[in-house]
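Presented below is the structure to which this report refers.
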Amino acid sequence: MKCPYSKKCGGCQNINLPYEEQLKLKQKYVDRLLSSFGKVNPIIGMEDPYHYRNKVHHVVCTDSKGNGYTGIYAENSHRVIPVDHCMIENEKADEICASIASLMKSFKMKAYNEDRGTGFLRHILIRTGHITGQILVVLVVASPVFPSKHNFVKALRKLHPEISSIVANVNNRGTSMVLGEKQQVLYGKGYIEDILCGKRFRISPKSFYQVNSVQTEVLYAKAVEYARLSGKETVIDAYSGIGTIGMVASDHAKEVISIELNEEAVKDAFANAKNNRIRNIRFVKADAGNHMKKMAIQKQHADLVFMDPPRAGSDAKFIDSVVRLGPERIVYISCNPVTLKRDLEMFGKKGYKVRKIQPVDMFPGTEHVETVVLLSK
Ligand code: SAH
């Protein structure tokens, strides 16, 4: 099957290639960037590389007759391509997007118009728990006043009783950020829970969570394998999100210190540790570079550092401080081989050598590659 939107959408550069071809291209890409550091292991692909995205984001539009529809931004633009069935998105989430659009006309609900600043419903964000099946629907709206909100929620739940929670997020800024500051829970708990590596995690609308749950388990297993923990180590989990890697590693370590900048994610992480009865983990809400610098100045100790920065990679402050802390091993998880290469070069100049390189295909259909790297002194 070919993706009918691929020419316009630009989200998936490789979607119409056979999966084996896609994996070969990614392997070549990582080899080209990273083979100077050592042998790159064969990329770990998926058995079923479709509909893996547990987070679905659609932009909402209305046509000239007032009918709602949803879709995806065309590449490098804010032009919306109507999408009903995306080959990588969770299928239930796509169905719910269509149902929300179908309710708009009878509720006289207009899509927000970015140019004119008129209308109400801007985006739909849906998260599904891979194991739990829980579903969180976030309606991003332009105004804090939600007309007929109880009836709208009732109508949506009637169409989809499987929805666990509905949140209205208010974003009235002219911005390319999807979510705004203010939120109101319209139904349910305001978050979903999912199970990853045998632990239960609560995930709020603004918290980062890996989009491909099947491959995340593969990725984390590799990271923990590379860490070779004996139970005696002090471990740092930097850029920790809702605390997933640190909590998975906590069973094999003396203690874990998690560092994360996003407040909502840190709150989730606290709750997650409590729910899973993990007592040897601490959470710090801070810029990872700043906090590591503080730890280095205080001559604190760490045996192992997991680091999982966003696409922009880490920074000199963080890397210098890691080097000063002097952990035996560093496990670097990266979603961007370009910044990974840059950061590995910095580590190299400071005496850390790359020992293992393992790409994992977290994003079939697209050009994105995730890589786990083990470094040691
Ligand atoms: N390790 C987590 C999250 C990885 S995504 C997981 O596997 O789910 C990267 C995370 O880094 C995000 O949660 C983001 O909020 C956080 N982040 C971004 N910049 C940061 C910074 N300067 N300091 C600390 N955390 C940061």
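The values are calculated or read from the model by the stated rules, or taken from the named source; none is laboratory data. No experiment lies behind these values; they were computed from the predicted model shown. Glycine gets a Cβ as well: all are built from the backbone with ideal geometry, and neighbour counts include every protein chain shown.
Things to note:
- Meets criteria (surrounded by fewer than 17 Cβ atoms within 10 Å (Cβ to Cβ), small (Gly, Ala, Ser) and not in a helix (DSSP H, G or I)) for GLY66: yes
- Every pair of residues 6+ apart whose Cβ atoms lie under 7 Å, when the first sits in the stretch 255-269 and is within 17 Å of PHE306 (Cβ to Cβ) while the second is assigned to a helix (DSSP H, G or I) and β-branched (Val, Ile, Thr): GLU260/VAL266
- Qualifying helices (runs of 4 or more DSSP H) (wholly inside the stretch 248-338; at least 1 residues being on the phi < 0 side of the Ramachandran plot, within 9 Å of the ligand (Cβ to nearest atom) and under 21 Å from the mean Cα position of the chain (by Cα)): 263-275, 288-297
- Residue within the stretch 134-149 that is surrounded by 13 or more Cβ atoms within 10 Å (Cβ to Cβ) and assigned to a helix (DSSP H, G or I) present: yes
- Test: residue in the stretch 178-193 that is crowded, with 21+ Cβ neighbours inside 10 Å and either assigned to a loop (DSSP other than H, G, I, E, B) or at pLDDT 95 or above (or both): yes
- Restricting attention to the stretch 112-133 and to residues that are more than 18 Å from the chain's Cα centre (by Cα) and assigned to a strand (DSSP E or B), the residue that is surrounded by the most Cβ atoms within 10 Å (Cβ to Cβ) turns out to be LEU121.
- Here is the figure for the stretch 230-247: residues that are in a helix (DSSP H, G or I) and not polar (S, T, N, Q) total 3.
- Number of the condition not met by SER207 [criteria: (1) outside the structural domain of ASP308 (by TED's automatic domain parsing); (2) in a strand (DSSP E or B); (3) within 13 Å of the ligand (Cβ to nearest atom)]: (2)
- Residue identified as without any contact (Cβ under 8 Å) to a residue 60 or more places away in the chain and touching a helix residue (DSSP H, G or I) at 6+ places or on another chain (Cβ under 8 Å) among PHE107, PHE120: PHE107
- Residue within the stretch 220-229 that is away from the ligand (no atom under 13 Å from the Cβ), part of a loop (DSSP other than H, G, I, E, B) and not aliphatic (A, V, I, L, M) present: yes
- Screening ILE163 on (1) away from the ligand (no atom under 15 Å from the Cβ); (2) crowded, with 20+ Cβ neighbours inside 10 Å; (3) under 20 Å from the mean Cα position of the chain (by Cα) shows it passes everything except condition (3).
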